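Everything below concerns the one structure shown next.
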Amino acid sequence: MFAAALLLSLLADLIVLKDGRVWTGEVIEEQAEKIKIRLPKGAVWVPRADIERIETAAQQREDYRARAAKAASAADHRALALWCRERALAAEEKAEWAAVVAADASHEEARRALGHVKVDGVWMTAEEAVKARGLVDRGGELVTPLRGKVLDLLDVLGSEDLVERGEAKKALAKLDEEGRGELEALAEEAWGRLAAALGKEAAVLGGLQDRAKAVRGLLLALVTDEDRYVKKAATEEQVRRVREWIGALARIGTDPAGAWIEADAALARHAVRLARADAALGNEDRGAAMREAFRAKAGDEAAFRAIDPYRTLRAKVDAENAELKLGESERALLDLMATYRLRLGRTPLRWDDKLEEAARQHSDEMEKLGYFSHVSPVAKYATLTKRMELVGFRSAWVGENLALGNDPPADILLALQDSPGHHRNLAFAEYSRVAIARTGEHWTMCFGGEPKE
């Protein structure tokens, strides 16, 4: 992508619009009343009536040569450098800044435009500065040899080799006073970077809300597509992706600061450094404490609650469901499902006594008769439709999930999420009622839409 963008800038035409906007792109097709222009983000058609003028790349370079021949002073070359920048003439712009420096060696704007830095009052190229300062280039980060040594040891703490990790821990423990001071400085710098980033709470939550919407959109687009996400035939790749998206939503909900940090390469690097440096120094895990403090201040599932279209209704339903007298595992699964529906932006599920009667009957029967199926061997309970009729629950939408086993409720939910049909029930937008019944190893979850009178 970078190469393509660079090529476009080298071949760019300048399109000046009548509303004052200036584009750099390439005219790729012309018609009587409009022109097609390729821009870095894609091609667009522009009415000729909206265009003030177009300067082709050839015209711009010819114009540049004429202007360059007349430039004599540092001010002339500076003005021409800015003219080149406006037209994305990168090579020509660089040449003009070099001409400015040739005329005025102390010209700060030109020096910085060329990537020069000042060391002890002397302007140098980046490479010259590295040598002058005695710094080492560590993956694009310029550090002192001592800092480089400490960072290398911290990196080894992430090794899978237990022997290497052990040796690194010993080396860190044996650092002299100067080395330990560098380790402490690294920890403080990392902590400061993280604290500054997380201090902008509104920006963090706003960014997480956008990310939550994007992830839930990808998840729901697949889960609700019965042609792509086929019942009893989900591919390994689909299961992997669904779990990845669910995990991303869970991270945003339960560890918002951690989710924000890990999405930013620089912050993630500082988080790792802080954790390892604090461990080597025998400090508490300040990174974990910082993330927990952010979560506590923002509130549970803060990013999701801020964009919840059912905020008022959900608060009411959650309060009602909290008063229910349920078994421990039934309560846990109900709460997990409620949180998942919140993360998906779906309607909250209110407990329904009629659905509970149907669910309880089916779980009891499966446990007693020793079978596991949506179809009952008892004629009057044979199908979900019959079971709904018997308890008097009528709605345009009904559904049922079954599970078998003594696994923790979180694992039960994950197993249901791995199954396209069961997952669609968990995420179905039209459901507003639910009941869960567990008898022994048999779980029955009944779902329904708004009941009909």
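The values are calculated or read from the model by the stated rules, or taken from the named source; none is laboratory data. Only a predicted model underlies this, so the values are computations on that prediction, with no experimental measurement involved. Don't worry about glycine lacking a Cβ; one is built from the backbone with ideal geometry, like all the others, and counts go over all protein chains shown. For accessibility, only protein heavy atoms count, side chains too; no ligands or nucleic acids. Shrake-Rupley method; radii C 1.70, N 1.55, O 1.52, S 1.80 Å.
Across the stretch 304-397, the volume of the C-alpha convex hull divided among the residues equals 119 Å³ per residue. With contacts taken as Cα pairs under 8 Å at a separation of at least 6 residues, the stretch 24-137 carries a relative contact order of 12 percent.
For a distance above 17 Å, tell me the whole-number percent of Cα pairs in the stretch 70-193 that qualify. Tail of the P(r) past 17 Å holds 69 percent of the pairs.
Exposure check, 1.4 Å probe, all protein chains in place: M290 carries approximately 30 Å² of accessible surface. Overall, the ratio between the Cα radius of gyration of the stretch 1-151 and 2.2 N^0.38 Å, rounded to two decimals, is 1.38.
Cross-link pairs exceeding 32 Å between alpha carbons, from the set K325/K380; K297/K354; K41/K70; K325/K386; K325/K452: K297/K354; K41/K70.
Counting only protein heavy atoms and using a 1.4 Å probe, the accessible area of S395 comes to about 20 Å².
Think of a 1.4 Å ball rolled over the protein heavy atoms: the chain then has 54 Å² of accessible area per residue.
For the stretch 108-114, backbone phi angles converted through the Karplus equation (6.51, -1.76, 1.60; θ = phi - 60°) give residue-by-residue couplings of 5, 4, 5, 4, 5, 4, 8 Hz, Gly and Pro being listed as x. When the charge dipole of the stretch 20-65 is built from unit charges on Cβ atoms (+1 for Lys and Arg, -1 for Asp and Glu) and taken about the Cα centre, the candidate among A49, Q60, I37 whose Cα reaches farthest toward its positive end is I37. 3J(HN,Hα) couplings calculated from phi for the stretch 29-46 with the Karplus curve 6.51 cos²θ - 1.76 cosθ + 1.60 (θ = phi - 60°) are, in sequence order, 7, 10, 10, 4, 10, 8, 10, 9, 10, 8, 10, x, 9, x, 8, 9, 8, 10 Hz; Gly and Pro show x.
Derived scalar couplings between HN and Hα for the stretch 269-279 equal 5, 5, 5, 5, 4, 4, 4, 6, 5, 4, 5 Hz in order, rounded to whole Hz, by the Karplus curve 6.51 cos²θ - 1.76 cosθ + 1.60 (θ = phi - 60°), x for Gly and Pro. Note on K36: lysines with a C-alpha under 29 Å away, same-chain residues under 8 apart excluded, are K18.
Put simply, when 441-451, 86-96 are sorted by average Cβ atoms within 10 angstrom per residue, most first, you get 441-451, 86-96.
Pair-distance distribution P(r) for the stretch 384-423, from all Cα-Cα distances in 5 Å bins starting at 0: 6, 19, 24, 14, 16, 17, 4 percent. On the principal axes of its alpha carbon atoms, the stretch 232-373 extends 60, 38, 31 Å, with the longest extent given first. Convex hull volume per residue, computed on the Cα atoms of the stretch 6-69, equals 92 Å³.
Restricting the calculation to alpha carbons of the stretch 177-247 gives Rg and Dmax of 20.8, 65 angstrom. Quick check on the chain: helices-only [θ] at 222 nm, where DSSP H runs of length 4 and up contribute -39,500 (n - 2.57) each and the sum goes over total residues. Nearest 500, please. Counting only the DSSP helices, I get -18500 deg cm²/dmol.
Note on the stretch 399-448: Rg/Rh from C-alpha atoms, Kirkwood Rh, equals 0.95.
Separation of the stretch 223-252 from the stretch 283-304 is 28 Å, based on Cα centroids.
From most to least packed by mean Cβ count within 10 Å, the peptides 262-273, 174-185 give 262-273, 174-185.
Computed over the chain, the Cα gyration tensor eigenvalues convert (square root of 5λ each) into semi-axes of 59, 35, 18 Å, ordered from largest to smallest.
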